[in-house]
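Accompanying notes for the structure given below.
Please treat every number below as a calculation from the coordinates, not as lab data. Predicted model only: the values in this text are computed from it and were never measured. Counting neighbours? That spans all protein chains shown, and the Cβs are built from the backbone with ideal geometry, glycine included.
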Amino acid sequence: MKKVVMGNEAAALAAKLARVQVVSAYPITPQTIIVETLADIISRGELKANYMPVESEHSAMSSCMGASMVGARAFTATSSQGLAYMHEMLHYTAGARVPIVMANCNRALTPPWNLYCDHTDSLSQRDTGWIQYYCADVQDVLDSILIAYAVAERVMLPVMINLDAFYLTHTSELLVVPEQEVVDAFLPPYRPSNKLDVDDPRTFGNVCGADLFTSIKYKRYCDGLLVESLWDQTAVKFHGHFNRSRPAVEAYRTEDADVCIISIGTATGAVRLAVDRLREEGMKAGSVRLAMVKPFPVEGFDKATASAKHIIVIDRDVSYGAEGIIAQEVKAGLFDRHKDMKFTGFISGVGGNDITPETIVPLVQQAISGQGEAVKAGKTFWTEVLP
């Protein structure tokens with residue numbers, strides 16, 4: 001079945017198709033449509049699930065954790081300040097190894113007050129232990145949530161599916177909605193081997209000494225290293241059911257690229273159009289979309305940038321006192337190759353400014369020539385800065 005829907009509605013439909021059993025709901029712009037849509041779906045009897053309206057984002061994640069620990073498939077959604085308010089529980093859920101999937105609608109953090117797209121909210125949570133995936137379009141939202149449950153329930157780690165505010169959350173596109181039977185074949189019911197059960201009492205989250213604590217953290221770290229491979233294997237399986245694939249890294253015209261532009265989220269389409277224009281001008285340009293950011297997809301990234309001599313990163317975020325957050329991650333990924341590589345980082349599109357081919361082409365030209373309108377501050381260039 002095909003529908004024209006917004007990204008938020010696609011997230012709700014994905015949760016329905018995943019047969020989630022608990023939805024914990026707290027509204028925040030621009031996420032509210034997700035939990036509203038799920039409320040309608042559940043009230044119509046189209047999904048048998050416990051819908052929990054809670055008093056805060058902290059409570060939303062806490063209730064999802066409790067639900068997951070007793071063996072239920074749990075889902076929630078948030079954005080910006082709400083995600084920041086969840087911070088304590090993000091650490092707790094990852095440490096407790098519960099496979100929650102959450103949609104986060106990327107919105108700028110205050111102050112000043114802003115409702116529009118910025119990736120700093122989710123990227124500032126990158127060390128909480130959550131797997132992070134950034135969607136490029138509406139179809140990607142639905143597909144990645146289904147893949148996320150399959151991955152989360154194997155590796156026993158939570159997944160954050162990120163949608164750009166308004167560019168994706170409130171933009172309507174054609175969506176292929178798969179049949180429930182096909183989704184059920186891809187994503188069987190959640191059957192955890194360990195759960196809270198009054199008939200089989202166990203203890204969870206005890207205080208422990210340094211030796212056991214280190215061992216537990218080491219195990220989670222090692223399991224995190226398996227995520228890229230597991231995600232890509234699951235994406236291949238997903239392709240077998242739905243004839244679409246969602247790998248951790250997507251490369252575009254990189255086979256012979258000297259210049260490679262790195263981006264995440266909805267900027268992907270604009271970057272690819274810019275690559276086409278640069279190719280027409282004779283530049284060997286390519287682009288890499290980091291769909292997965294945490295854990296950093298080292299193998300896919302290395303393969304996609306193998307021929308590049310100049311890496312350009314466009315960040316829709318900032319790490320204050322440093323540079324763009326994706327720039328830092330990419331530099332770490334390039335460390336063993338840094339002597340043979342030129343690197344330029346741009347901060348662009350924060351707070352809802354548009355990233356278009358007309359924006360990107362001059363940035364690439366400035367990175368190569370050193371001449372342009374972007375303002376250098378520290379290690380990075382800023383665009384859209386008022387004089």
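Points to keep in mind about this one:
- Spin-label pair D199/W113, simplified geometry with 7 Å Cα→Cβ offset, distance in nm: 5.3
- Equivalent ellipsoid, region 250-382 (semi-axes from 5 times Cα gyration tensor eigenvalues, Å): 19, 18, 15
- Listed by chain and number, the lysines whose C-alpha is less than 16 Å from the C-alpha of K48, apart from same-chain residues fewer than 8 away, are K16.
- Under 5 Å, built H, 5+ apart or other chain: amide partners of V177: K2, K3
- Surrounding net charge for D118, when Lys and Arg each add one and Asp and Glu each subtract one, Cβ distance under 15 Å: -3
- Which of D143, D211, D223, D199 has the fewest Cβ neighbours within 10 Å, and the rest in rising order: D199, D211, D223, D143
- Between R277 and Y51, the C-beta separation translates, for a Förster distance of 51 Å, into a calculated FRET efficiency of about 0.60.
- Prolate/oblate/rounded call for region 20-135, Cα gyration tensor, a/c under 1.5 rounded: oblate
- Extents of region 136-212, largest first, come to 51, 32, 20 Å (Cα atoms, principal axes, whole angstrom).
- Taking label points 7 Å from Cα along the Cα-to-Cβ direction, K342 and A39 give a separation of 5.4 nm.
- Extension reserve of the K217-K2 stretch, reckoned as 0.36 nm per residue once the Cα distance is removed: 73.0 nm
- DSSP beta bridge pairing in region 228-329, given as percent antiparallel to the nearest 5: 30
- Our note on the geometry: Cα centres of region 135-187 and region 290-364, 24 Å apart.
- Set K303/K331; K219/K339; K195/K237; K219/K379 screened for pairs whose C-alpha atoms are more than 25 Å apart: K219/K339; K195/K237; K219/K379
- Shown for S245, S215, S122: other C-beta atoms within 10 Å of each C-beta, ranked fewest to most, produce the order S215, S245, S122.
- Database remark: amide H of Q132 closer than 5 angstrom to the amide H of M160, V293, K294 (H placed geometrically; neighbours at sequence offset of 5 or more, or on other chains; Pro and chain starts carry no H).
- Where both bridge residues fall in the chain, DSSP classifies roughly 25% of the beta bridges as antiparallel.
- A helix-only calculation puts the chain at -12000 deg cm²/dmol for mean residue ellipticity at 222 nm, using -39500 (n - 2.57) for each DSSP H run of at least four residues, averaged over all residues.
- Taking W231, W130, W382 and counting other C-beta atoms within 10 Å, the order from fewest to most: W382, W130, W231
- Pairwise FRET efficiency - Q233 versus K309, Cβ, R0 = 30 Å, nearest 0.05: 0.45
- Over all pairs of different C-alpha atoms, the chain has a mean inverse distance whose reciprocal, the Kirkwood radius, equals 21.3 Å.
- Charge context of V183, other residues only, Cβ under 10 angstrom, K/R +1, D/E -1: -1
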